[in-house]
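First up is the structure itself, then whatever we jot down about it.
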Amino acid sequence: MKITSETVEYVAHLARLELAREEIDLYTNQLNSILDYMDALNRLDTQGIEPTSHPMPLNCVMRDDDIRESFTVEASTQNAPERIGSFFKVPPIIEVEE
Amino acid sequence: MDYRGFEGVIGLEVHAHLLTESKLFCGCSTKFGAEPNSHTCPTCMGLPGALPVLNKKVVDFAIRLGLALNCTINRRSIFARKNYYYPDLPKGYQISQYEEPICENGYLDIYINEEKKRIRIKRIHMEEDAGKLVHEDTIETSTYSLVDYNRSSVPLLEIVSEPDIRTPEEAVEYLKMLRDCLIYLEICDGNMEEGSFRCDANVSVRKIGDTEFGTRTELKNLNSFKYIEKSLDYEIKRQIELIKKGGEVVQETRLYNVDEGVTYSMRGKEEAHDYRYFPEPDLLPLIIDDKWIEDIRKGLPELPFEKIERFLKEYNLPRYDVEILVSDRSLASYFEDTVMLFPEPKTVSNWIMTELLRELKARNLEAKDAPISPANLAELLTLIKDGTISIKIGKEIFPELCSTGASPKRLVQDKGLIQISDESAIAQTIEQILARFPKEVAEFKAGKDKLLGFFVGQVMKETKGKANPKLLNELLLKRLKA
């Protein structure tokens, strides 16, 4: 399974990342070598072995439904590049059709 | 609903906000309406290094609903990341369940024209809500968006039906029953305006007899039963027309425009529904043991569909009455409390459905805050039954009983409303009236039968409505026909 530069561009778009041509080539190569390495795992026979969704055989830790202190609005919005009142201000979401 | 040779195929996805105090993965409050971004912390803001810890009550609620809807409760379920990029989603992914949800393969029975129809439930899973975007203008014209993360990570249950629903009417019945179940189970307040109970619909059409499904569209964010019914009807008709004209349905998301009564394609958002789900590495698999499930099963309340069956059997009422009474748990209790004191279920039901519901509506009250107690209603009905007052007087004083909370017996006495059931007293009034209207008496005797009502009315007027109507009728007829 080889990753093409189109796949890298596609994934970058999903993550809203803008990549330069040389970055796309770089990541394509790097991702492919990671996948090549992972291919080693495919040589193992995993017939009849349950897929692992987590490496630790523990049950999910749960908490009781109690309220704990939250951020102040000042703290929660302090890293916002822009804000209006207590809100974060962000660019418009629905883009005009390309 | 008749679609002339075609039928709709509808599957519904319901998102129910849960009545927990705190969020799904952190201790922030879930309370609606707080100052923006005041119910936030590193976890629900997606700050680096913050880790989710599952709220046990959400699991409780999911099991409760799963049992109520006859689902298999999976002893092992896992969380998954649903990845997409949107400003209301601070982590860049939503923690949800994908491959192994907590509940699967249930069903809910609904009734259409007294006929039972089973709607299968495909799955129920837990997930977190996104934050809220606010726009000063409309979303299309705004040059920026405002983000409030108070709703971020508020717990939801998503309930997904199989595509077993065929008409908008069935869809509404299913949603009403599901909403009633959630409210009875006390896991969701069912408030559609505040978005505590939201619905998306997958809709396709096919020729009757076809077994293959057509291409479907998705209708988003339907937030009232009325609009759900209208938008589904519109969308089914739109697709049928399209196919009849030789066109093809395009798989897309559509929104219902309330003002125009049409659905329209939601542009721009269709690109790349590629969520790249994968198991959530920050949460371990959730293991549920039998004891937990059995404890919850023992604590389940009587569910609305069970109550409906019991009311039908025990009180021998029409399904129409029962569905109205049971649709509100407090109203159902009110009914039962009243029937205990006045064991004529149909009479009690009639008074609740007409007089009481009208007063509740006029006063903008819920059944749990009914302005007249079951004991007082039963007392009123007893006064009518034993002939102390007429039904008419009973209905007349009903609003006053609601305003004052007075005892019906006392009010009837104080106002001198006790029915006149004394034969000689009524006969005397009849004589007075007949003497006053000799012309009408002559006309009646000449065959103008409908004048009987006129005489009844006059006697009632004279006695301020207190004459026993049955007795009055008898005596009047006897006297006139003599």
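The values are calculated or read from the model by the stated rules, or taken from the named source; none is laboratory data. Keep in mind it's a predicted model, so treat the numbers as computed, not measured. Every residue, glycine as well, gets a Cβ built from its backbone with ideal geometry; the counts of neighbours run over all protein chains shown. The accessibility values were calculated without ligands, DNA or RNA, using every heavy atom of the protein model including side chains. Shrake-Rupley method; radii C 1.70, N 1.55, O 1.52, S 1.80 Å.
Data overview
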| item | result |
| --- | --- |
| Sum of -39500 (n - 2.57) over DSSP H runs of 4+, divided by residues of the protein assembly as shown (222 nm, nearest 500) | -12000 deg cm²/dmol |
| In degrees, nearest ten, helix B:469-481 long axis to first principal axis of chain B (Cα) | 40 degrees |
| Buried solvent-accessible surface, both chains (B, A), 1.4 Å probe, Å² to nearest 100 | 4100 Å² |
| Chain A: C-alpha gyration tensor shape, a/c 1.5 cut-off, then a/b vs b/c | oblate |
| Rounded to whole Hz, the Karplus (6.51, -1.76, 1.60) HN-Hα couplings of the range B:324-335, x for glycine and proline | 5, 4, 7, 4, 10, 4, 5, 5, 4, 5, 4, 4 |
| Per residue solvent-accessible surface (Å²) - the range B:423-480, probe of 1.4 Å | 59 Å² |
| For the range B:207-236 versus the range B:43-80, the gap between their alpha-carbon centres in whole angstrom | 30 Å |
| FRET efficiency for B:Y111 and B:D259, using Cβ-Cβ distance with R0 set to 41 Å, rounded to 0.05 | 0.80 |
| No Cys partner within the rule (Cβ under 4.7 Å), chain B | B:C26, B:C28, B:C41, B:C44, B:C181, B:C188, B:C199, B:C402 |
| Carbon plus sulfur fraction of accessible area for the range B:302-414, probe 1.4 Å, in percent | 52 percent |
| Residues with amide H under 5 Å from that of B:T40, placed H, sequence gap 5 or more | A:F71 |
| Those aspartates and glutamates that a straight Cα-Cα span of less than 12 Å connects to B:K56, excepting residues fewer than 8 apart in one chain | A:D64, A:D65, A:D66, B:E21 |
| Where B:M266, B:M340 fall by accessible area, highest first, once all protein chains stay in place (1.4 Å) | B:M340, B:M266 |
| Carbon plus sulfur fraction of accessible area for the range B:140-224, probe 1.4 Å, in percent | 41 percent |
| Calculated from backbone phi, Karplus (6.51, -1.76, 1.60) coupling profile of the range B:288-293 in Hz, x at Gly/Pro | 10, 8, 4, 4, 4, 5 |
| Global form of the protein assembly as shown, assessed from the alpha-carbon gyration tensor, a/c cut-off 1.5 | prolate |
| Counted charge near B:R75, where neighbours are those whose Cβ lies closer than 13 Å (Asp, Glu -1; Lys, Arg +1) | -3 |
| Cα-based helix-to-principal-axis angle, B:423-436 vs chain B, degrees rounded to 10 | 80 degrees |
| Accessible area of the range B:282-360 divided out per residue, in Å², using a probe of 1.4 angstrom | 48 Å² |
| Inter-centroid distance (Cα atoms) of the range B:337-368 relative to the range A:15-62, Å | 64 Å |
| Selected from A:V61, A:V11, A:V73 as most flexible by GNM, with chain A as the system and alpha-carbon contacts under 10 Å | A:V73 |
| Trypsin sites (Lys or Arg not before Pro) within the range A:1-61, DSSP loop, no more than 12 other Cβ atoms inside 10 Å | A:K2, A:R16, A:R43 |
| Solvent-accessible heavy-atom area per residue, rounded to whole Å², over the range B:1-126 at 1.4 Å | 40 Å² |
| Long pairs among B:K122/B:K307; B:K346/B:K478; A:K89/B:K226, criterion Cα-Cα beyond 28 Å | B:K346/B:K478; A:K89/B:K226 |
| Burial of 20 Å² or greater, the range B:1-40 residues [accessible area, probe 1.4 Å, versus chain by itself] | B:E21, B:S22, B:G27, B:S29, B:E35, B:P36, B:N37, B:S38, B:T40 |
| Greater than 26 Å apart at Cα, pairs in B:K385/B:K461; B:K116/B:K361; B:K448/B:K470; B:K31/B:K230; B:K385/B:K450 | B:K116/B:K361; B:K31/B:K230; B:K385/B:K450 |
| 3J(HN,Hα) from dihedral phi, the range B:74-80, Karplus parametrisation 6.51/-1.76/1.60, rounded to Hz, x for glycine, proline | 6, 5, 9, 9, 10, 9, 9 |
| B:K439 accessible area, 1.4 Å probe, all protein chains in place, Å² to nearest 10 | 130 Å² |
